[in-house]
Amino acid sequence: MTRYFTSRQGAIKRLMDLKRQIARTGYSFATIAACRTDGIEVNGIDDVLLDVRAGRISWFRHEDAHENQLVYIS
């Protein structure tokens, strides 16, 4: 598993790239899950992206057949 540390803007950019990749291929085998700062788990790219933009996410996990990433947001 690869671990990254990024800013909120960097996390938004990474999630938007993933969303474009999913739209381009038409399907996704990727799993996007996140943990909010209050401890609640959030699933799905749209929900995670919404909470990242609002500043409520402390980290998110992206898993697919090719890579596993854990992204910490500062």
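Annotation: of all residues in the stretch 57-74 being touching a residue at least 40 places away in the same chain (Cβ under 8 Å), open to solvent by 50 Å² or more (accessible area, probe 1.4 Å) and assigned to a strand (DSSP E or B), the one that is nearest to Phe5 (Cα to Cα) is Tyr72. Every condition in (1) farther than 20 Å from Gly10 by Cβ; (2) in a helix (DSSP H, G or I) holds for Tyr27 except the one numbered (2). Every condition in (1) on the phi < 0 side of the Ramachandran plot; (2) exposed (fewer than 12 other Cβ atoms within 10 Å of the Cβ) is met by Gly39 except one, and the failing one is (1). From the set of residues in the stretch 7-31 that are closer than 14 Å to Ser58 by Cα and among the polar types (S, T, N, Q), which is most open to solvent (accessible area, probe 1.4 Å)? Here the answer is Gln9. Is it true that Met1 is modelled with pLDDT of 90 or more and of a type outside the set (S, T, N, Q)? In short, no. Of Ala34, Ala54, all but one fail to be of a type outside the set (S, T, N, Q), open to solvent by less than 70 Å² (accessible area, probe 1.4 Å) and touching an Asp or Glu at 6+ places or on another chain (Cβ under 7 Å); the exception is Ala34. Taking each residue of the stretch 13-39 that is basic (Lys, Arg) and looking for partners that are assigned to a loop (DSSP other than H, G, I, E, B) with beta-carbon atoms closer than 6 Å, six or more apart or interchain, yields Arg36/Arg56.
The values are calculated or read from the model by the stated rules, or taken from the named source; none is laboratory data. These numbers come from a predicted model, not from an experiment. Neighbour counts are summed over all protein chains in view; Cβ atoms, including those assigned to glycine, are modelled from backbone coordinates with ideal geometry. SASA here: full protein model, heavy atoms, side chains in, ligands and nucleic acids out. Shrake-Rupley method; radii C 1.70, N 1.55, O 1.52, S 1.80 Å.
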